[in-house]
Amino acid sequence: MNWLAYLKKLIWKVIAKKVESLWIGIGQPQYLCLEIPQSFNLKLIFFFPNFFSSKILIVSQQNVAVDNVLDGIDRENREWFEKDGHTIVRIAPNENKIQYENIKEFTVENWFEHYKGIVKSNFIKLEQNKNHDLGFFNNFNFSSEFKDKKELNKKLYNFANEWMGLIYKSDFRDMDNEIKELLISKHQIIGATCVGLANKSLGLDLIEFDIAIIDEAGRATAPELLIPLLRAKKVILIGDHNQLPPTIDRKLLKKLEKDDEDDLNLEDLEILKKSFFEELFEKVTDSNKAMLNEQFRMPENIGNLISTLFYENKLTNGQAKDINNFLDPDNIIRWVDVSGKHEFDGTSSYNLKEVDSIVNLLQKISLYLEKKKVCKSIGIITPYSAQKRKIRNKIKTLNLLNISNLKIDTVDSFQGEEADIIIYSTVKTYGNISFLIDKKRLNVAISRTKENLIFIGKKSFFSNAKVKNNETNLFKQIITYIQNT
């Protein structure tokens, strides 16, 4: 038995013990992340009646997925948190790993500095009152054994002085593990990556959670899933095996970019064929799983396309979006036809005509947004790393106004993220398109947008590209869909 098979067997043993405490949801997980405060909490209350008094772990394989959940919870529930004293703490190596500004205040380091300030302020008040009546502590109902108020003040002062000595460190990690566990465990919601959860320097290894919510579980490897599974009484796995499997190493990705399946060995095919999350979903009982079939990110036109191509028309659209402020409300999905010929850079491909077309498009978008005095985020996605590099180099000198966030990356690196406008550079102009029509990869590419989706590529090639007997030319379906809507 190889090590991966052994780990899977070990996880099944863990799950067997939690069979009544495991719930798996499939669907577009990023939509669920954003909807946790509005709808998913109701499901949690149904499964776990004491949800709001439980210690909850929010965990994922990627930092961005953790932050998406925490951001939604914070924005929708801030008043409730402040009123009832519930708190969030985010475990991250540094602030640069965190996607949202409002989540940065929840890092262990920032929270710890704030906490030390409160303790110090209270200590100063204690010090001022240690030789007087209770003063600051008159409202506290202390035991009647303290007949002498001055004696009580001194005892409180001595206790506070000792506590100050324990916690007043420059770095949270410098404290004893028991103290770190005590301080971390006072928070109701803790967010971390699967690997970050194993960080012993923060005392996390000592904490048991009532509920663990594992988001984008389809992207987690068996060892990554094992960490939160062992740490919680009840577990919810949320993922989508219709999207990309666990992170693929660079060597395998290079093989895929060659568009030659004959170059893949049996081990490569096993990794690509089925994620461990998909195995879990297939094997657990029906009472422990469900499809989350409502999406809220994309406008209706794109949601319908995604549902048809990848979800057998089972994915429905949530609240209708107001398209009036979109970049192009009349053409939610558009195909920009570009001629030219793709070239090779090692095993990867690039298309300079498409690069020029994208630059031209960005400049036009920038001018339009400046005129309208609005900002939009833009994601430029391509299947090929060589094309990503060409685009990045080309736009370095551009002065793009009113584009709040521009990210250029490969499909594999963009999973879990989103943008108002997505530009998808197809690159290929001849040859095999197996890599491009991989359902999981294409699903990720075109489901990242919140408003407009723009394809860049040679339309005639993709309309007529030949595919293998067991494949479907999804691009032909996309082009037909655009023409009919």
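Brief remarks follow.
- Some residue of segment 317-334 being among the polar types (S, T, N, Q), surrounded by fewer than 17 Cβ atoms within 10 Å (Cβ to Cβ) and part of a strand (DSSP E or B): no
- Looking across D412, D420, one residue alone is part of a helix (DSSP H, G or I), within 22 Å of V64 (Cα to Cα) and of a type outside the set (K, R). It is D412.
- Set L400, L406: member being of a type in the set (A, V, I, L, M, F, W, C), touching a helix residue (DSSP H, G or I) at 6+ places or on another chain (Cβ under 6 Å) and either within 18 Å of E354 (Cβ to Cβ) or open to solvent by 10 Å² or more (accessible area, probe 1.4 Å) (or both): L400
- Among the residues of segment 380-397, the ones that are buried (at least 21 other Cβ atoms within 10 Å of the Cβ) and among the basic types (K, R) come to 2 in all.
- Only listed residue being under 22 Å from K450 (Cα atoms), surrounded by 20 or more Cβ atoms within 10 Å (Cβ to Cβ) and not hydroxyl-bearing (S, T, Y), chosen from V411, V355, V338: V411
- Against the test of being modelled with pLDDT under 90 and in a strand (DSSP E or B), the options S404, S377 yield a single qualifying residue, S404.
- In segment 414-431, the count of residues that are among the aromatic types (F, W, Y), in contact with a Gly (Cβ under 7 Å, 6 or more places away or on another chain) and either crowded, with 17+ Cβ neighbours inside 10 Å or at pLDDT below 95 (or both) is one or more.
- Single unsatisfied condition, D356 versus (1) touching a strand residue (DSSP E or B) at 6+ places or on another chain (Cβ under 7 Å); (2) modelled with pLDDT of 95 or more; (3) acidic (D, E): (1)
- For F461, the conditions (1) closer than 18 Å to E354 by Cβ; (2) in contact with a helix residue (DSSP H, G or I) (Cβ under 7 Å, 6 or more places away or on another chain) all hold with the exception of (2).
For every residue, the table says whether it meets (1) within 18 Å of the chain's Cα centre (by Cα); (2) closer than 16 Å to L362 by Cα.
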| residue | (1), (2) |
| --- | --- |
| K396 | no, yes |
| D412 | yes, no |
| L442 | no, no |
| S447 | yes, no |
| F455 | no, yes |
| K459 | no, no |
| L474 | no, no |
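- Test: N110 is assigned to a helix (DSSP H, G or I), surrounded by fewer than 18 Cβ atoms within 10 Å (Cβ to Cβ) and at pLDDT 85 or above: yes
- Residue within segment 221-233 that is modelled with pLDDT of 85 or more, open to solvent by 50 Å² or more (accessible area, probe 1.4 Å) and among the hydrophobic types (A, V, I, L, M, F, W, C) present: yes
The values are calculated or read from the model by the stated rules, or taken from the named source; none is laboratory data. Owing to the predicted nature of the structure, the values given are computational and were not obtained by experimental measurement. We place every Cβ from the backbone using ideal geometry, glycine too, and count neighbours over all the protein chains shown. With ligands, DNA and RNA removed, areas are computed over all heavy atoms of the protein, side chains included. Shrake-Rupley method; radii C 1.70, N 1.55, O 1.52, S 1.80 Å.
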